[in-house]
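Structure, as structure tokens:
The values are calculated or read from the model by the stated rules, or taken from the named source; none is laboratory data. Predicted, not measured: the structure shown is a model, and the values here were computed from it. Note that each Cβ is placed from the backbone with ideal geometry, even for glycine, and that neighbours are counted across all protein chains shown.
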Amino acid sequence: MESLYDELSAEQMLRIIFNYTTKIANERNLQRVLILMADMGREMIRADRCTVWIIDHSRGELFTRVAHGVEELRVPLGSGFVGHSIATGKPLLIENAAEDARHNEENDKLTGYLTRTVITVPFVGSDGQIIGAYQAVNKLAANGVFSRQDLEYLKLAASYAGKSLESVMLHEEIASTQRELILALGEIGENRSKETGYHVKRVAEYSYILALGLGFTQSEAEHLKMASPMHDIGKIAIPDSILQKPGKLTTKEYELMKTHTSIGYNMLGNSKRELLQSAAYIAHQHHEKWDGSGYPQGLKEQDIHLYGRITAVADVFDALGSDRVYKKAWELERIIALMKEERGRHFDPSVIDVFFAQLPSLLTIREQYRDKLPSPSELA
């Protein structure tokens, strides 16, 4: 029977590398990539713990989301063994951490873990710049000390996984930028109405909670969360005289206002990007009603895209509870009564059921992102 202290054969090492690099190459989530990398390094050299550190240039820090047994850690950029290794671009093999002045004892205090022996290997990106480092801690062997062979193996793991890590980091940076742009675009319609605050942010967060409650995976719910801020993008084409009117709209004005749904769809619907296609459905259908009395198409029940049905609940809940230039915010009891009354009429019954099940979480979000009606000088 194989012991934790037995060294791996060449065949076992290749199997570990192949299994993990295949998984890493097919993964696009940074957290999961870091977990896979840490697990690969730990198995390859029989370390008790393996940590993947990433440089955060904006904050001048190193951070890890994967340090076996602990949550995220952050340290100053030049701190400890990993900071030294990244600064010099050279790997380290430390036999006795306690006797080395570069050891960052604060990490041990934070984690309650005793670091004895360490290997640190930098990751290099395609441009030759260091993006982070592997760090293995405490050898699972009779003598408890890493060998030069262990160092070479961890360097091998870094060379295999480093490029995938860079790719995923770039993917996440693009996704983060995309989220910011979508949120900013979604706020345009609200700002045109002279509304300030977090309406689109709250609708996005509500949609996420409702989606999870309906059985969406986390990635599916995140997708909806990113798309829902665009629900009122079509308002950029609606005249100020209508958007900013403090009183009730005339029939003609209301008909023009309703066109923001089709305008939004036409703006987004020709994109081949899945996210923008989803946003197009939401923009077009978030004013449709379960009983078919909504607009612009008079769709009903399952003919309304589920994204539209979810966003409709999130949007109405937030709109009723917010001050607008034409109305004051409703009391919560009045909102709850209407949401119950409109189950099966305006709203999909299954979405409303989740709404009430998740109401405490929704109210927490509402409180977290509470806003104020602009002052008269801001409206002028």
Next item on the list: Find the residue count for segment 349-373, including only residues that are among the aromatic types (Phe, Trp, Tyr) and either within 17 Å of Ala221 (Cβ to Cβ) or modelled with pLDDT under 95 (or both).
Entry: 2
Next item on the list: Please specify each residue of segment 26-77 satisfying the condition of being small (Gly, Ala, Ser), at pLDDT 85 or above and either touching a Lys or Arg at 6+ places or on another chain (Cβ under 6 Å) or in a loop (DSSP other than H, G, I, E, B) (or both).
Entry: Gly60
Check: Since Arg116 meets every condition but one in (1) over 12 Å from Gly41 (Cα atoms); (2) surrounded by fewer than 22 Cβ atoms within 10 Å (Cβ to Cβ); (3) out of contact with any Lys or Arg (no Cβ under 9 Å at 6 or more places or on another chain), which condition does it not meet?
Finding: (3)
Item checked: First in segment 270-281 and free of Cβ contacts under 8 Å to residues at least 60 places away in the same chain, second anywhere and part of a helix (DSSP H, G or I) and surrounded by fewer than 18 Cβ atoms within 10 Å (Cβ to Cβ), Cβ under 7 Å, 6 or more apart -> Ser271/Gln277
Check: Hey, any hits in segment 197-204 for a residue that's outside the structural domain of Thr22 (by TED's automatic domain parsing) and at pLDDT below 70?
Finding: yes
Next item on the list: Kindly check whether there is at least one residue in segment 327-348 that is out of contact with any Pro (no Cβ under 6 Å at 6 or more places or on another chain), surrounded by 20 or more Cβ atoms within 10 Å (Cβ to Cβ), of a type in the set (A, V, I, L, M, F, W, C) and modelled with pLDDT of 95 or more.
Entry: yes
Checklist line | Qualifying residues in segment 106-141 (those that are among the charged types (D, E, K, R), out of contact with any Ser or Thr (no Cβ under 7 Å at 6 or more places or on another chain) and without any contact (Cβ under 8 Å) to a residue 24 or more places away in the chain) - the one nearest to Gly80 (Cα to Cα) | finding: Lys109
Notebook entry, point to check: Quick one: which of Gln285, Gln297 is of a type outside the set (A, V, I, L, M) and surrounded by fewer than 19 Cβ atoms within 10 Å (Cβ to Cβ)?
Noted result: Gln297
Notebook entry, point to check: If Ala279 passes every condition in (1) part of a loop (DSSP other than H, G, I, E, B); (2) surrounded by 22 or more Cβ atoms within 10 Å (Cβ to Cβ) but one, which one does it miss?
Noted result: (1)
Next item on the list: Taking the options Gly264, Gly247, Gly269, Gly234, name whichever one is farther than 23 Å from Ile352 by Cα and surrounded by 24 or more Cβ atoms within 10 Å (Cβ to Cβ).
Entry: Gly264
Next item on the list: Scan segment 83-106 residue by residue and report those that are small (Gly, Ala, Ser), buried (at least 17 other Cβ atoms within 10 Å of the Cβ) and under 11 Å from Thr117 (Cα atoms).
Entry: Ala97
Next item on the list: Kindly indicate whether any position in segment 87-110 is of a type outside the set (A, V, I, L, M), part of a strand (DSSP E or B) and modelled with pLDDT under 90.
Entry: no
Check: Is it true that Ala136 is part of a strand (DSSP E or B) and at pLDDT 85 or above?
Finding: yes
Margin query: Quick check on my filter: what residues within segment 243-276 are under 16 Å from Ala319 (Cβ atoms), among the aliphatic types (A, V, I, L, M) and assigned to a helix (DSSP H, G or I)?
Written below: Leu243, Met257
Check: Going by the conditions given, is Lys252 of a type in the set (D, E, K, R), at pLDDT 95 or above, over 18 Å from Ala211 (Cβ atoms) and assigned by TED's automatic domain parsing to the domain that holds Glu222?
Finding: no
Note to self: Looking at the structure I just gave you, is Arg370 in contact (Cβ under 8 Å) with a residue 40 or more places away in the chain and among the charged types (D, E, K, R)?
What the structure shows: yes
